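This report concerns only the one structure given below.
The values are calculated or read from the model by the stated rules, or taken from the named source; none is laboratory data. Here the structure is a predicted model, which means the values were calculated and not measured. Please note: Cβ atoms are built from the backbone with ideal geometry, for glycine as well, and neighbour counts cover all protein chains shown. What goes into the accessible areas is simple: the full protein's heavy atoms, side chains included, and nothing from ligands, DNA or RNA. Shrake-Rupley method; radii C 1.70, N 1.55, O 1.52, S 1.80 Å.
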Amino acid sequence: MYAAASIGAGDTIEVAPVLVLPARDLAAIENTELEACVRRWPEEGAIALALGYSCFYGRSATPNAAWEALPGPRAIRTFALGPISEGEAVTLC
């Protein structure tokens, strides 16, 4: 995914809902296309399957974005770690 417009450091890129699943379900998701959508979740024994664009962000050893869990609404917020230029790939670790 590429930034459609310039994004400032700390700006929210997306807030996406998640499907919270028991951690035991991870075995069924590993080594599938859905594995890129799995996030650690703060509830003990749970993982989250991220919906929205989160699955499509690139991966990088030097990411320009990160995410945080929002347990109340069962969502994740993806935000810029620094400025991201229009047309630049959005990457997570």
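Quick look at the values:
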{"quantity": "Strands (runs of 3 or more DSSP E) wholly inside region 1-58 that include at least 1 residues being open to solvent by 40 Å² or more (accessible area, probe 1.4 Å) and closer than 16 Å to residue 76 by Cα", "calculated": "12-22, 38-40"}
{"quantity": "Among (1) at pLDDT 95 or above; (2) touching a Lys or Arg at 6+ places or on another chain (Cβ under 6 Å) - the single one residue 50 does not satisfy", "calculated": "(1)"}
{"quantity": "Check on residue 87, touching a helix residue (DSSP H, G or I) at 6+ places or on another chain (Cβ under 8 Å), of a type outside the set (Asp, Glu) and open to solvent by less than 70 Å² (accessible area, probe 1.4 Å)", "calculated": "no"}
{"quantity": "Residue 68 open to solvent by 50 Å² or more (accessible area, probe 1.4 Å), of a type outside the set (Phe, Trp, Tyr) and either part of a strand (DSSP E or B) or touching a helix residue (DSSP H, G or I) at 6+ places or on another chain (Cβ under 9 Å) (or both)", "calculated": "yes"}
{"quantity": "Subset of region 18-58 [charged (D, E, K, R) and under 21 Å from residue 80 (Cα atoms)]", "calculated": "39, 40"}
